[in-house]
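Read through the structure below, which is laid out as structure tokens, and then see the notes.
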Amino acid sequence: MTYLALNSIFLGAVIVVGFILRKQLPWRAIAGATGVLLVLTAIFDNVIVGTGIVAYDENLISGIKIGFAPIEDFAYSLAAPLLISIIMALSKGTSWKR
């Protein structure tokens with residue numbers, strides 16, 4: 001399975017749940033956090049891939065890169081703010097105290 005296929009499955013699931021909960025989610029905050037994460041990912045992933053700390057199998061990536069980092073490496077930056085917001089929306093009203 002390619003990284004793009006794996007990312008598509010995970011991102012697709014997060015987007016579907018986000019669509020279902022769309023009225024409960026703070027979209028402006030999600031957009032801001034996503035933007036910051038994408039910039040930081042572009043910087044730091046280029047460093048770690050460019051220096052050889054992390055390497056990707058060329059047969060498993062799409063070939064589209066931002067600098068040295070394959071586009072698939074940015075999936076968590078797209079998913080994390082939305083997924084965290086979904087978890088927070090679902091936990092509202094839940095008491096975490098024991």
Original post:
By the scheme Lys and Arg +1, Asp and Glu -1, what is the net charge of all other residues having a beta-carbon under 13 Å from that of residue 65?
Top reply: -4
Original post:
Counting pairs of alpha carbon atoms under 8 Å apart in space and at least six apart in sequence, what relative contact order in percent does the range 13-70 give?
Top reply: 29
Original post:
Can you give the net charge of the other residues whose Cβ lies under 15 Å from the Cβ of residue 38, counting K and R as +1 and D and E as -1?
Top reply: -2
Original post:
What's the local net charge at residue 90, with K and R +1, D and E -1, over the other residues with C-beta under 14 Å away?
Top reply: +3
Original post:
So what's the back-of-envelope 222 nm ellipticity for the chain, counting only DSSP H runs of four-plus at -39500 (n - 2.57) apiece and dividing by all residues, rounded to 500?
Top reply: -20500 deg cm²/dmol
Original post:
For residue 87 and residue 28 in the same chain, what is the full-extension length gain: residue separation times 0.36 nm, less their Cα-Cα distance, in nm?
Top reply: 19.6 nm
Original post:
If contacts are Cα pairs under 8 angstrom and at least 6 residues apart, what is the relative contact order of the chain in percent?
Top reply: 42
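Since every read-out is calculated from the coordinates, none of them should be taken as a lab result. These figures come from a predicted structure and were not determined experimentally. For neighbour counting, all protein chains shown are included, and Cβ atoms are generated from backbone atoms with ideal geometry for every residue, glycine included.
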